[in-house]
Structure formats: C-alpha cells, structure tokens
Amino acid sequence: MVEADFLYICHYNNTMDKELILKEILSSVLSDLDLVTQVKLEKPADSNFGDYSSNLAMVNFKNISERFSSPKDFANFLVDKIKTKDQKSLIAEISVAGPGFINFKLNGDYYLLELEKIISNKENKLINLGKNKKAIVEYSSPNIAKPFTIGHLRSTIIGNSIANLLEASGYQIFRDNHLGDWGTQFGKQIVAIKRWGNKSEIENAENPVEKLVSLYVKFHEEAEKDDSLNDEARNWFKKLEEGDLEAREIWQNCIDWSFKEFAKIYNYLDIKFTENDGRGYGESFFEKMLQPIIAELKSLNIAKEGKEGATLIFYPNDEFSPLMIAKKDGSTLYATRDLATDKWRLENPRYQNEDGSSPLVINEVGSEQAFYFQQLYRIEEILGWYKKGQRVHVKHGLYRFKEGKMSTRKGNVIWLEEVLKKAKDEAMKFTKDEEIATAVSIAALKWNDLKRKSEANINFDWDEILNLQGNSGPYMLYTYARAKSILRKASPKENINNKIEISLLEKSLLQKITDFPKIVAEASSEFAPHHLCNYLFDLAQEFNSFYNKFPILNSSLERQFRLNLVEATSITLNKGLSLLGIKTLEKM
C-alpha cells in the first residue's frame, strides 16, 4: 500500500481542504482538554442536519465524565470551544443532536471561494502523495503469438488508469509492457510452424496472429495423440535459449508479426508505454541475466537442486512451497525471468528514488497468479531487494464464458479486435459520426470494466459490455457534453452576487466537486480506479439533478454562480475521466 501521509491535504492556492481545517479545529479543542484521539468526520445521511458530523463527544466522554453529566452535555461544551477556534470562519452553524453528535454546516462563502479557485486553475489541485518518488507500473503484457483477447483488456486499461492516477498524485511513472516473448511455448510454436505452417502465408495474412494461434491449437491437438511432440518442443526451446539461428529467426518472426497487431490495438485504445521506445521490456530482454540469477541464488544457498533435478527456491520455515526457477534440463521459467527483471530494475539508476531507495513496482496481473506473486515478493524481501509494500500485485478477475475460463490451447477465446469492432458498430446505431462512435464505444468498454473492483470476475455478456445507458461510459460522456453545451450558450462572465441563497442541492454538488482531490488520493493509494468511477457517477447524477431542477441560463441573481457550478463540474468530469483513460466529447 502506498503511504498516504497527506491523504487529506489538498492545496488550492495555498489554502487547505475543508475537512482538514475542520479536523485541525477539533483536534486543537481536544488537545486543550488533554484529550488525544483521532478525529473522524462523517457526512450525515440527511444534508439538512449539516455538511459534517462527529461523534467525538461520545468517544471522549469516558475520559472526562467527572466534569460532565452526559455526552450531550460535553458536546454542548465543545460547541462553544469550537466556535472560538474557527478563525477562518469556515463554520456557519454548529448544533448538537441525539445523544451527543455534533453537526457542522459550513459557510457558503467558503464554497464560493473554492468554486472560483477551481475555475481559475481549470482543475482541482491534487494531493502530492508521490513527491520525490518513482513507480514502475507493469500492465497489459500479452503473449507473443497468442491472441490479444477480451481478457487482456482488463490488465491494459486497469494498469493504464493506475499509472495515470499515480502520475497525477505526484509520482514519476514508468509504464512497462512485460511482453511474454520467451518461454517453452515458443518451442511448441516453432514445431507447429515447421510441421504445418507456411511462413510466407503467415507473413501475408491479414491477421498473422490468428494463423499462429491456429497452429498453436493444432500442436496441442496433435500432442494429445503423440506425446513425443512435447519432447520435440522442449528441445526447440532449449535450442532457442542456446542461440540456434533457425530457432531465433522463427521466434523473431513471431514477435514482429504479433507486435504489429498489438500496436494497432494500443493506438486505438490510446494506451502508451514509456519503456524500451514504447514497446516495453519483454521477457527476452533479460535472457542473458537468467543463468547469473540462478548461480547467485545457489551461491547464497537460497536455491538448491530438488529430487527430480530441477532448481528450486526453498523458503525459511517452509513459509511457502518451493518455487522452481529452472527445470531439470536447465530451461528457465516465469519466476527466473521475473527475478532477473526486478533485479535489473533495482540496479538501474533510472528507477531509483532520489534517496537511492527502491521504486514502487506494480504488477497488474490476473488474480489467479496471486500465490505466485506472494512467493516472488517474499524471496525479493529475503534477498533485501525490496521492502514490504514496494512490490504490489494489483489483481484482476477474469472474463468468463458461462461454460468456464477462456483457453488459448482450446481456441476458446474472444478476440479483442472483434469486441472493439462490435462495440463501435453498436455505437453507430446512435450516431452517424464515426469519430463520436469510436469514442463512445471505447468509453463504454473502459467504464464497464473500471467501475467495478478489479479482482471481481466478469461473466462475458455482450449486452452489459455494450450498454449505452445508466451507469455507463456513454452516460458520463453525455453529462460532460451537456455541461459544455450550456457553457457555449452562456454570455460573458459576470461577478457573482454574494447575497444569493445556495440551495441544499447546489451546495451538495459543490461539496462533491471539492471532494475530487481526496477521491483521487484514495483511488491512487489503494490502486483502485473504481473509487473514482463511483465518485464521477455520483457527481454526474447530482449535476443532472441540478440541471433538471434549476434554470441556469435564464437565472437572474444566481446565473453566474450556476454557470460557475456547471464549469467546475465539467472541469472535474474531464479530469476524472482522463485519469481513467476516457476521452471526453465536447458535443454528442
């Protein structure tokens, strides 16, 4: 978990968040009474009671009960003390309710000031969680010569959003695509191409990867009849590791054919990587580091040869089951390549924090790999490479068919390119503009995924994925476009009349807008984009309620205030959606 020392601090031209100011006031009052406790604020379910509520009188009563007859009596005493501490005139009204709850209504002028600052800065200033810190976010990571399926969509967009959130929160971000371009599967692919493939036909195919997948599926079908094919595949992968020219040539062809298709998908989804000229460091980049890693772990007596001849890492006190890093024939595995990757990152000055410490390294990978990453992270802690919390596995669930998990071996997959095309076709039913249809379809797919907790599995359902109504990407785009339409129709700005009365609905919308930095900090520190989605959807609903209830362009005294509210909403929606990797539309 990222340290969130400044989780509740946000800066608007050197002023602080309303929650922090209020908490400081309450903490100061308690300190004067020699009471030290964490101050918690809640938002009342009924906004008529106030903007915030605290149970601090009830929590602290037992420590001061000799001076007061009840928590409510203590709460009334605290109210007078709080009023004297409120030097910024943040609080408009304080009341005591029930057995001792203290309710706070904030000064409307405070919100007007915050509104002006958001508009003048064109954004809500975000919280600097990552000051002087670096983070590597590894995401997408498809396998060469295998399909880019709907399943890869999850890692790609969740990882991209997490990178955006951390970058907005002050981290220097390195976006890596750890391509699966090494491993025993290439022995199988080489055998399949040599036995049943035609390189010229694959080269000239409209979709070369589809040809490669068909060959890969055929290998497994044939291997079920003839097990010697598996030995042949292992032999070819060993040749590949040893630098055999024919093996290397076929392997490189597979990479080139695959990345042409991957690049097209990344461009369509507006996904970018910073490492290795935008390709990311695939597993093969670390090939020459694999044997030295194995030798180093053996020399430290951390890795030993097992009974079957494979090289295994054994954990102290059998904390985990042994982790294999080399097979009995000497060929390497995912763990070997991941260890080499993480050591290289550790020793690369590009990734070190200013104080020389290790960066935060995030792997956005499916939840089925959870135990493996526990094993990997633990051995890196034992080696002293990374401290606890510097390696993070962000788990995502799987897209599933009703009959079970997708499998490349069985050819039971849905290609992402097919999903993107069908989503766009669906969006074209609502507009004749191809550019708008593209943006709407991508927003639909990204929002459908990001709005839920990443570790949850998703049953593949075309109707849900392509939903253009309700809690959906298109609804969010429409809300933003509605706000921009109002602003285009407005005349030049006027000064706000400070005598206007702000309704509870307008105040609630204003509060929601000013909560944006705190929500971004929460989503960043928990690596959880769904927190931001929930917030933005609530904001859109409140804005649309405001739009439907109040005249805006036809207002008199309230006109400029309401236009400012519209503009602040549009700024917040635009910023929030961009952090999720969703492009907004000025018109729909």
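The values are calculated or read from the model by the stated rules, or taken from the named source; none is laboratory data. Remember, it's a predicted structure, so these values are computed and weren't measured experimentally. Heads up, the Cβs are rebuilt from the backbone with ideal geometry, glycines too, and the neighbour counts pull from every protein chain shown.
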For this session: Could you identify the single residue in Ser120, Ser155, Ser200, Ser95 that is in contact (Cβ under 8 Å) with a residue 40 or more places away in the chain and assigned to a helix (DSSP H, G or I)?
Result: Ser155
Exercise. Here is a list of conditions, (1) surrounded by fewer than 17 Cβ atoms within 10 Å (Cβ to Cβ); (2) touching a strand residue (DSSP E or B) at 6+ places or on another chain (Cβ under 9 Å); (3) at pLDDT 90 or above, and Ala92 meets all of them except one; can you say which number that is?
Worked result: (3)
Exercise. Quick one: is Phe286 surrounded by 15 or more Cβ atoms within 10 Å (Cβ to Cβ) and in contact with a Lys or Arg (Cβ under 7 Å, 6 or more places away or on another chain)?
Worked result: yes
For this session: Could you check, for the stretch 248-263, whether at least one of its residues is touching a strand residue (DSSP E or B) at 6+ places or on another chain (Cβ under 8 Å) and farther than 14 Å from Thr184 by Cα?
Result: no
For this session: Name the residue, out of Asn160, Asn132, Asn128, that is out of contact with any helix residue (DSSP H, G or I) (no Cβ under 7 Å at 6 or more places or on another chain) and not in a loop (DSSP other than H, G, I, E, B).
Result: Asn160
Seminar exercise, completed: Flagged pairs (Cβ under 7 angstrom, 6 or more apart or on separate chains; first in the stretch 536-558, in the same structural domain as Pro517 (by TED's automatic domain parsing); second modelled with pLDDT under 90 and among the aliphatic types (A, V, I, L, M)) are Leu553/Ala490; Leu557/Ile500; Glu558/Ile500
Seminar exercise, completed: Just one listed residue, out of Asp231, Asp226, is out of contact with any Cys (no Cβ under 8 Å at 6 or more places or on another chain), loosely packed, with under 15 Cβ neighbours inside 10 Å, of a type outside the set (A, V, I, L, M, F, W, C) and within 24 Å of Ser284 (Cβ to Cβ), and it is Asp231
For this session: Go through the stretch 163-187 residue by residue and tally those that are buried (at least 24 other Cβ atoms within 10 Å of the Cβ), out of contact with any Asp or Glu (no Cβ under 9 Å at 6 or more places or on another chain) and closer than 30 Å to Ile202 by Cα.
Result: 1
Exercise. Looking at the stretch 138-151, is at least one residue in a helix (DSSP H, G or I), surrounded by 19 or more Cβ atoms within 10 Å (Cβ to Cβ), modelled with pLDDT of 95 or more and not aromatic (Phe, Trp, Tyr)?
Worked result: no
For this session: Test Ile379 against the criterion of being assigned to a strand (DSSP E or B), of a type outside the set (Gly, Ala, Ser) and more than 26 Å from Glu167 (Cα to Cα), and give yes or no.
Result: no
